[in-house]
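Report on one structure; see the data block that follows.
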Ligand code: SF4
């Protein structure tokens, strides 16, 4: 679909989602938020003893892992300007000893202090590029800090400012559930490590980057590979060159959208629900499968609907609709384009005429793009202000606290992947880096 040139008057856009939520709660804005609880500090919710370091409340905490303690009072009560200055001072004092990474979906108040802003894999690569830094402060969620630990030097400390910052999608595939699924598949397909007469294995496990290190390690041990939302098609081609089928986790939507675009029929993509025998399938459909989709999803991207796209088109003729492939298939099919966060950013950056973009991804990124490209009208497809609630746990108070701790010679909230997991997980990541279209 072509975009018709539009004349737009530039208007100032506050990229801070927090300010938007505060205004809604104070009655100064008629917009809506998915929950007014977001106006409170995350420490109001992070009270469960022993909560973290896992991906979320559903995570199992490994023995000996650090626990999120209560954030000292100053960091909970200081206002935005004070915290800003405190973070800037600590960063200046620490210099090259620390690198701060900020995910695209982080709140503006945190991202403005980041040395690098990007998606999870870009940030892990940025960490790798700074072997001189003693500490890498990862303003993202737990699986991202784990990936940075896998790719950085052993002596470097990867720090997650709030251990309660997780990813609900990553939690949807636990290592126990995945091992159990693998055993059930072996009962149907036979030995999973024995190729057939054509040299193909019965099934290749593929995990999205948004999964725990334990899942990446499982994949690495079983001849599989990791993918991102940018390279999912290349990775599936890699897997189909080596196996009859793919077991794809945790995000069913990325798996379905990618495999469908490659021509895989929907009836050959059964879904595996780990709470049901054979994932809720009969043996024939598991045998006939080309891609077995794990029953996982992103609670943020699942909010986008075809109705929202139709409304955007009715209200903004000529609008260009771009969504993330974690959105459900009908939404991806109805959009003009689908692609990773980096794809979305580049698409907007490459538009030479003033245009209207309706974007189906996390609101912090959309707001920031709207502020960065005032020549365009850029808005989130979902009219409700609803950030990723787990990313949102990295409040500037937590960032100020970990930087002050580092300055004082302490290393808080270190995320470390044990060697038995790290070695195969790295192998799965290296296969991804070597995979070519
Ligand atoms: S946006 Fe979705 S996939 Fe990304 S961290 Fe949040 S819950 Fe996880």
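Region 150-172 to region 101-138: how many Å between their Cα centroids? Here the two parts' Cα centres lie 12 Å apart.
Per-residue counts of other Cβ atoms within 10 Å, averaged by peptide: what ranking do you get for 30-42, 219-231, highest first? List each step's numbers first, then the result.
Numbers: 30-42: 14.4, 219-231: 23.2.
Those peptides, ordered most packed to least, come out 219-231, 30-42.
The residues 152, 211, 16, when put in order of fewest to most other Cβ atoms within 10 Å, stand as 16, 152, 211. Projected label points at residue 315 and residue 176, each 7 Å from Cα along the beta carbon direction, are separated by 4.5 nanometres.
Shape call for region 328-437 from the C-alpha gyration tensor, a ≥ b ≥ c root eigenvalues: rounded (a/c under 1.5), prolate (a/b greater than b/c) or oblate? Verdict is oblate for region 328-437.
Would you mind ranking 377, 287 by Cβ crowding within 10 Å, fewest neighbours first?
Values: 377 20, 287 13.
Sorted ascending by nearby Cβ count, the order is 287, 377.
Taking a point 7 Å out from the Cα of residue 411 in the direction of its Cβ, the residues of region 72-99 whose backbone N falls within less than 15 Å of it are 97-99.
Suppose R0 equals 35 Å; then what is the FRET efficiency for residue 260 and residue 132 from their Cβ-Cβ distance, rounded to the nearest 0.05? Don't jump to the answer; show the numbers that get you there.
Numbers: r = 45 Å, r/R0 = 1.27.
In this case the efficiency is close to 0.20.
Among 45, 249, 143, the residue with the largest mean-square fluctuation in a Gaussian network model of the chain, with springs joining Cα atoms closer than 10 Å, is 45. Region 403-437 and region 262-276 have Cα centres lying 31 Å from one another.
Can you show me the helix-derived [θ] at 222 nm for the chain, built from DSSP H runs with n ≥ 4 at -39,500 (n - 2.57) apiece and divided by the number of residues, rounded to the nearest 500. Walk me through the numbers on the way to the answer.
Working: 18 runs with 168 residues, N = 437.
Result for the chain: -11000 deg cm²/dmol, rounded to the nearest 500.
Backbone N atoms of region 376-412 closer than 15 Å to the 7 Å Cα→Cβ label point of residue 40 belong to residues 393. For the pair residue 267 and residue 81, a Förster radius of 56 Å applied to the C-beta separation gives a FRET efficiency near 0.45, rounded to the nearest 0.05. Averaging 1/r over each pair of different alpha-carbon atoms in region 301-386 and inverting the result gives 12.5 Å, the Kirkwood hydrodynamic radius. Computed on the Cα atoms alone, the convex hull of region 136-279 gives a volume of 125 cubic angstrom per residue. Restricting to the chain, compute how many DSSP beta bridges are antiparallel as a %, nearest 5. Roughly 5 percent of the DSSP beta bridges within the chain come out antiparallel. Put in order of Cβ neighbour count within 10 Å, fewest first, the listed residues 150, 381, 254, 278 become 278, 150, 381, 254.
In µm²/s, what is D for the chain at 37 °C and 0.692 mPa s, where D = kT/(6 pi eta Rh) by Stokes-Einstein and Rh is the Kirkwood radius from Cα pairs? Walk me through the numbers before you get to the answer.
Numbers: Rh = 22.6 Å.
Roughly 145 µm²/s, to the nearest whole number.
Across 314, 197, 133, mean-square fluctuation computed from a Gaussian network of the chain (C-alpha pairs under 10 Å connected) peaks at 197. Between residue 187 and residue 88, the modelled label-to-label distance comes to 6.2 nm, taking each label 7 Å out from Cα in the direction of the beta carbon.
Read-outs: derived from the displayed coordinates by stated rules, not from any lab. Everything numeric here is computed off the predicted structure, so don't read it as measured data. Using ideal geometry, Cβ is built from the backbone for each residue, glycine included, and neighbour counts are taken over all protein chains shown.
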